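Note sheet for the following structure.
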Amino acid sequence: MTGRVLSFAPPASRDGSYLALELLPGRVQGALIDPGGRFRARREARFDPAAPRAEILAEVDRVATGLARTSRLGGCVISAGGVLDTAGGRMVQVVDMPSLEGCAIVAHLRALVDAPTLLEHRARLQVQGDHYFGAGQGEETFASVATGDTLGVGILYQGMILAPDGGRSGAHMTVASGQLDCSCGKQGCWRTIATTAWLRERAEALGLPPLDLPAWERRAAQQTGLDQDPRADQDPRPDQDPGADQDPRAAAVVAEYARNIAVGLANIQQLCMPGLFILHGEAAQASDGFRATILETLRDLSRTGSETEPRLVTTSLGEDDSTLLGGVALLLHHGLPSIG
Ligand SMILES: [Zn+2]
């Protein structure tokens, strides 16, 4: 396994702004960010993830040029999920946006914005963002966890971002052989049980409208009246409010979802021992009780008796900011003149 050595010394002489883009299934967000991590402008566009490549790139271009024309660019970075050839600047495997497979996105953007351009996996930029601007400052080893519609883990290990060629973010590691079908063509991937899509499928299976985690937690709280604690269903109050949304199954679904997230984290703890997990997305915004269930399960599943207990914290950065900020950190210490 290879890593990339990081040393962070923003050059005082470097001015101008950096263009950071994040390509998600159906959405591209971008920002102009200065070397100190301050956001100067933002743009976003949405598209059909199944659209032809030209249609998706047109939206990327619209966001990029809309931001780039207002400032002199020190560099450009774009992040995405899937399997990426970061050295060659190509997207290799992108199951959620198949038309982009094989796309030489770096050459495309470099020509568009006329600035040095890098491609990196979004999970690795998220951990980079936490390290330089967020809750991972001062830490040498930790994991940064994306939850919600996207799922993935980036790992900083003894000061190096783990970035093996062809490496993914963990979303497609097999956690339950022969179980639910995944968009990647396999079965039993972590993401089949630990993303918002699983919550929506649970709702459908129970004959409910599509529910996200906050809606499930509200149902769980209404059931018990015990302040959204997913374990509170073990002792339901006899005088619970018989409201229209009351559903005795909600607390069980919420707790199962928390445990499903913990399953993947426990495997990562077993393998890489990050110790500290910084949560982003759905799990970061959920109740304390939800995260307590994740942590309890994580500790149970990863216990070896010799290491310190894993810890969970929530991101200190804006929800859409960490990957973009990580992109700027990457540009700042990558040696830009050699890659233009
Ligand atoms: Zn998969």
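The values are calculated or read from the model by the stated rules, or taken from the named source; none is laboratory data. Only a predicted model underlies this, so the values are computations on that prediction, with no experimental measurement involved. Cβ coordinates were reconstructed from backbone atoms using ideal geometry, including for glycine residues, and neighbour counts include every protein chain displayed.
For first residues located in the range 176-204 and under 24 Å from His280 (Cβ atoms), partners that are among the charged types (D, E, K, R) and more than 8 Å from the ligand (Cβ to nearest atom) and lie 6+ apart or on another chain with Cβ distances below 6 Å form the pairs Thr196/Asp149; Thr196/Asp212.
The set of residues in the range 90-112 being buried (at least 20 other Cβ atoms within 10 Å of the Cβ) and either within 15 Å of Ala20 (Cα to Cα) or in the same structural domain as Arg191 (by TED's automatic domain parsing) (or both) consists of Ile105, Val106, Leu109. The criterion of at least 3 residues that are within 9 Å of the chain's Cα centre (by Cα) and not assigned by TED's automatic domain parsing to the domain that holds Leu23 is met by the following strands (runs of 3 or more DSSP E) wholly inside the range 119-166: 142-147, 152-157. A single member of Asp96, Asp181, Asp114, Asp130 is modelled with pLDDT under 95 and more than 15 Å from the ligand (Cβ to nearest atom), and it is Asp114. Has the range 198-218 got any residue that is away from the ligand (no atom under 13 Å from the Cβ), outside any helix (DSSP H, G or I) and crowded, with 21+ Cβ neighbours inside 10 Å? Among the residues of the range 198-218, at least one is away from the ligand (no atom under 13 Å from the Cβ), outside any helix (DSSP H, G or I) and crowded, with 21+ Cβ neighbours inside 10 Å, which makes the answer yes.
Just to be sure, is Ala251 modelled with pLDDT of 95 or more, crowded, with 23+ Cβ neighbours inside 10 Å and closer than 24 Å to Trp190 by Cα? Judged against the criteria, Ala251 is not a match. Against the test of being modelled with pLDDT of 90 or more, within 16 Å of the ligand (Cβ to nearest atom), surrounded by fewer than 24 Cβ atoms within 10 Å (Cβ to Cβ) and not hydroxyl-bearing (Ser, Thr, Tyr), the options Gly148, Gly188 yield a single qualifying residue, Gly188.
What do you reckon, is Gly138 at positive phi, out of contact with any Gly (no Cβ under 9 Å at 6 or more places or on another chain), without any contact (Cβ under 8 Å) to a residue 12 or more places away in the chain and away from the ligand (no atom under 16 Å from the Cβ)? So Gly138 fits the description; yes. From the residues in the range 26-41 that are part of a loop (DSSP other than H, G, I, E, B) and small (Gly, Ala, Ser), which one is farthest from Ala64 (Cα to Cα)? Top of the filtered list is Gly36. Out of Thr304, Thr314, one residue alone is modelled with pLDDT of 95 or more and among the β-branched types (Val, Ile, Thr). It is Thr314.
Kindly check whether there is at least one residue in the range 122-129 that is surrounded by fewer than 24 Cβ atoms within 10 Å (Cβ to Cβ) and not polar (S, T, N, Q). Looking through the range 122-129, none of the residues is surrounded by fewer than 24 Cβ atoms within 10 Å (Cβ to Cβ) and not polar (S, T, N, Q).
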